[in-house]
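Colleague: First the structure, which I've put down as structure tokens, then a few questions once you've had a look.
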Amino acid sequence: MKSYIVKSLLQIIPVLLLVSLIVFILVRVTGDPVALMLPETATAEDCAVLTEALGLDQPLYKQYITFLGSAIQGDFGTSFRYGESALPLVLERLPASFELAVAAMIFAIVMAIPLGILSAVKRNTFTDLLISGISVIGKAMPNFWMGIMLILLFSVILGALPVSGRGGIEHLVLPAFTLGIGIGAQMTRLVRSSMLEILHQDYIVTAKSKGLGPFIIVMKHAFRNGLIPVVTIVGLQFTSLIGGTLITETVFAWPGLGQLLVTAVNTHDMAIVQAAVFVIALIVIIGNLLTDITYRLLDPRITYR
């Protein structure tokens with residue numbers, strides 16, 4: 001396990017180098033940073049001075065080396081929109097995105113596990129068909145449409161929940177539900193499939209022959225062994241939620257990393273984009289590593305090389 005963790009940590013370095021190269025290229029092909037930063041009334045001399053100040057008159061390989069050296073020190077440039085260093089702005093928004101992602105994942109887990117187990121136990125009954133149908137609908141509905149419909153119902157018509165912003169738990173309900181419904185629907189199907197496979201295993205048949213009750217058989221013997229696929233989707237989806245909350249945060253004006261990134265892209269604030277992409281990439285890599293470690297804790301038979 002220790003050697004696997006060390007190897008995985010070392011693999012982070014080339015991945016981040018590749019991410020840095022992709023970000024560097026994308027920033028250069030999206031337009032001239034000087035033209036984006038200066039007003040339309042700027043003269044050619046102003047453009048030349050800023051180009052030299054930013055090092056954009058250097059060959060591309062030298063620009064990349066300079067960019068990489070600064071990125072290693074946590075310097076991704078200064079946001080021309082906010083007039084501050086980009087990385088602190090990104091890290092400042094990260095807790096709000098984590099809060100939303102955790103709430104959405106908790107909602108998805110609380111919804112998916114009991115429904116998935118019930119659907120598997122009641123296979124091919126009306127209950128199973130109803131849960132499966134709801135899961136398909138939940139997965140098919142776009143986040144932006146779901147968010148707007150929830151705002152219309154609970155905020156505009158009923159006046160029960162706030163429309164936007166971050167505050168108490170009442171501000172978290174609608175965006176968390178919007179973000180979690182699709183993941184919960186997918187997770188429900190996964191739990192059902194995993195449980196159906198395990199319920200037909202020999203050790204489950206043996207447990208039934210010993211006279212154990214259905215609840216003990218399902219929860220003690222079957223469910224734990226069916227957790228690995230669930231851990232997979234929880235680990236992968238949670239890390240993707242951090243960078244994938246753009247639409248939901250925009251709809252509900254949630255002051256997280258997603259909303260900051262959308263604003264940065266719309267205003268061509270490339271320093272923010274660079275810092276945000278690096279932070280999201282690092283979160284995804286670490287999340288995948290933690291997911292792999294959890295596999296081993298749940299099933300000692302899994303080995304890493």
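Colleague: Using only Cα atoms, find the angle between the long axis of helix 86-121 and the longest principal axis of the chain, and express it within 0 to 90 degrees, rounded to the nearest 10.
Modeller: The angle comes out at about 20 degrees.
Colleague: Can you list, largest first and rounded to whole Å, the semi-axes you get for region 205-276 by taking the square root of 5 times each eigenvalue of its Cα gyration tensor?
Modeller: 47, 12, 6
Colleague: Per 0.36 nm of contour for each residue apart, how much would the distance between L10 and Q63 grow if the chain were fully extended, relative to their Cα-Cα spacing?
Modeller: Length gained, L10 through Q63: 16.5 nm.
Colleague: Which Cα, out of L56, A44, T232, lies furthest along the positive dipole direction of the chain (beta carbon charges, K/R +1, D/E -1)?
Modeller: T232
Colleague: By how many nm would the segment from I137 to V156 grow when fully extended, if each residue of separation counts as 0.36 nm and the alpha-carbon distance is taken off?
Modeller: 4.4 nm
Colleague: How much length would be gained if the chain were fully extended between V163 and E84, taking 0.36 nm per residue of separation minus their Cα-Cα distance, in nm to one decimal?
Modeller: Result: 25.5 nm gained on full extension.
Colleague: Measuring with a 1.4 Å probe in the full set of protein chains, what accessible area per residue, in whole Å², belongs to the chain?
Modeller: Values: 16610 Å² over 305 residues.
Value returned for the chain: 54 Å² of accessible area per residue.
Colleague: If all Cα-Cα distances of region 1-154 are sorted into 5 Å bins from 0 onward, what percent lands in each bin, rounded to whole numbers?
Modeller: All Cα pairs, binned at 5 Å, distribute as 1, 6, 9, 11, 11, 10, 10, 10, 10, 8, 5, 4, 2, 1, 0, 0 percent.
Colleague: Find out how many positive minus negative residues lie around T78, taking Lys and Arg as positive, Asp and Glu as negative, among other residues whose Cβ is under 14 Å from that of T78.
Modeller: Computed value for this residue: -2.
Colleague: Next up: From zero up to wherever the largest Cα-Cα distance of region 237-293 sits, split into 5 Å bins and tell me the percent of pairs in each.
Modeller: 4, 20, 26, 23, 15, 7, 4, 1
Colleague: Do the sum for the chain: with -39,500 (n - 2.57) for every DSSP H run of n ≥ 4, divided by all residues, what is the mean residue ellipticity at 222 nm, to the nearest 500 deg cm²/dmol?
Modeller: Numbers: 13 runs with 215 residues, N = 305.
So the calculated ellipticity at 222 nm is -23500 deg cm²/dmol.
Colleague: Need the C-alpha centroid separation for region 129-195 versus region 225-271, integer Å.
Modeller: Centre-to-centre (Cα) distance: 15 Å.
Colleague: Same structure again: Where the accessible area of the chain is counted over protein heavy atoms with a 1.4 Å probe, how much of it, in %, is carbon and sulfur?
Modeller: Carbon plus sulfur share of accessible area: 68 percent.
Colleague: Sorting check: for 195-202, 109-116, which peptide has the highest mean count of neighbouring beta carbons within 10 Å, and how do the rest follow?
Modeller: For the peptides 195-202, 109-116, the packing ranking is 109-116, 195-202.
Colleague: Moving to a separate point now. Provide, for q = 0.13, 0.14, 0.20 Å⁻¹, the log10 of I(q)/I(0) from a solvent-free Debye sum over equal Cα point scatterers in region 139-248.
Modeller: Cα-only, vacuum Debye calculation for region 139-248: -0.66, -0.71, -0.99.
Colleague: Could I get the Rg over Rh figure for region 81-155? Both from C-alpha atoms, Rh via Kirkwood, rounded to two places.
Modeller: Taking Rh as the inverse mean 1/r over Cα pairs, Rg/Rh reads 1.19.
Colleague: How long is the chain along each principal axis, judged by its Cα atoms, biggest number first, in Å?
Modeller: 87, 57, 29
The values are calculated or read from the model by the stated rules, or taken from the named source; none is laboratory data. These figures come from a predicted structure and were not determined experimentally. Using ideal geometry, Cβ is built from the backbone for each residue, glycine included, and neighbour counts are taken over all protein chains shown. Only protein heavy atoms, including side chains, enter the accessible area calculation; ligands, DNA and RNA are left aside. Shrake-Rupley method; radii C 1.70, N 1.55, O 1.52, S 1.80 Å.
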